[in-house]
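The values are calculated or read from the model by the stated rules, or taken from the named source; none is laboratory data. Because the structure is predicted, anything quoted here is derived from the model rather than measured. Every residue, glycine among them, receives a Cβ derived from its backbone with ideal geometry; neighbour counts consider all protein chains shown. Heavy atoms of the whole protein, side chains included, go into the accessibility calculation; ligands, DNA and RNA do not. Shrake-Rupley method; radii C 1.70, N 1.55, O 1.52, S 1.80 Å.
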Amino acid sequence: MTDKYCVIGNPIAHSKSPEIHPIFARQTGQDLVYERCLAPLDAFAATVQRLVAEGYKGANVTLPFKIEAVAVCTRLEERAQAAGAVNTLVFAEGEIVGDNTDGPGLVADITRNAGVAMRGKRILLLGAGGAARGALLPFIQQGPREIVIANRTVATAEQLARDFAPYGIPVHGTGFDTVAGSFDIVVNATSGSLAGEVPPVAASVFGPGALALDMMYGNQPTVFMEFAAGHGAATRDGLGMLVEQAAEAFAVWRGVRPDTAEVFRKMRP
Ligand code: ATR
């Protein structure tokens, strides 16, 4: 029997995951199908229960259900717990296990694809919403020197910094105009790029040889990437994170991590 997986969201037509997973499956010789699943906005939990009843082995979760997905799980992996959000569900032995591969996918893109080690580095994280929260534990696990979280609403950044203080890496919360010093890695986790808005940080945040990554992606560089490139940073958009979070989810389900190079060649020839 071919194992069934899907991605649950609303809307879902735009999701690239159903293009990515069949490539991984063929490459690794895994017998599975991966579909789109449109869940009604008021029926996420019921949709998950239906998938379980129909024998699906797991699912990805995308907007707007990642936080709601926490509540349907019977068990959470630590990285989903820390993120406060679930993007990967595993249906096995009567359990619904929640995991989150977004942050690990981002780390994989920075360390493997961009070739930038995070150990000992100064990292600036712009934004303090769900996307930023999901990145924090995976970043901390890389052993950076310091993480500064800067946000439009300063109190949210300060609270997020307090939440992650117990992990033993210095984490500070601040506003955009009070960011001090320069950084090796700057990640834009605000949704500002959607509106063409750049977080108003000083250009001096980009240290020599800095990497600037926007979690958003599109056909053109984002306004944040243009700002960063104009001040000497190497830039990346969020496509790498998208592909790598899919590879991490595939590894959670199938126990084998696919090679992402083939997907990159197809998605950005
Ligand atoms: P996500 O899950 O994508 O992180 P979210 O939880 O709604 O979405 O968080 C959005 C983030 O983008 C927040 O950090 C938000 O800042 P506030 O906490 O001040 O709301 C930030 N954001 C949204 N629009 C922005 C803009 N135009 N400029 C700067 N930051 C913005």
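Tally time: how many residues in the range 1-27 are open to solvent by less than 40 Å² (accessible area, probe 1.4 Å) and assigned to a helix (DSSP H, G or I)?
Within the range 1-27, residues that are open to solvent by less than 40 Å² (accessible area, probe 1.4 Å) and assigned to a helix (DSSP H, G or I) number 7.
May I ask you to verify whether VAL107 is touching a Pro at 6+ places or on another chain (Cβ under 6 Å) and either open to solvent by 10 Å² or more (accessible area, probe 1.4 Å) or hydrophobic (A, V, I, L, M, F, W, C) (or both)?
Judged against the criteria, VAL107 is a match.
Taking THR190 and the conditions (1) surrounded by 20 or more Cβ atoms within 10 Å (Cβ to Cβ); (2) within 18 Å of PRO138 (Cβ to Cβ), which numbered condition does it fall short on, given that it satisfies the others?
Failing condition for THR190: (2).
Answer yes or no: is there a residue in the range 205-219 that is within 20 Å of the chain's Cα centre (by Cα), more than 30 Å from GLY58 (Cα to Cα), open to solvent by 40 Å² or more (accessible area, probe 1.4 Å) and among the polar types (S, T, N, Q).
yes
Looking only at helices (runs of 4 or more DSSP H) that fall completely inside the range 57-159, which ones have 1 or more residues that are in contact with a strand residue (DSSP E or B) (Cβ under 7 Å, 6 or more places away or on another chain) and within 25 Å of SER15 (Cα to Cα)?
Result: 68-72, 78-83, 130-140.
Would you pick out the residues in the range 156-170 that are open to solvent by 40 Å² or more (accessible area, probe 1.4 Å) and near the ligand (Cβ under 9 Å from one of its atoms)?
THR156
What do you reckon, is VAL48 in contact (Cβ under 8 Å) with a residue 12 or more places away in the chain, in a helix (DSSP H, G or I) and of a type in the set (A, V, I, L, M)?
Here the answer is yes, as VAL48 does meet what is asked.
Under the condition of being within 17 Å of ALA180 (Cα to Cα) and near the ligand (Cβ under 8 Å from one of its atoms), which residue from the range 112-152 is surrounded by the most Cβ atoms within 10 Å (Cβ to Cβ)?
LEU126
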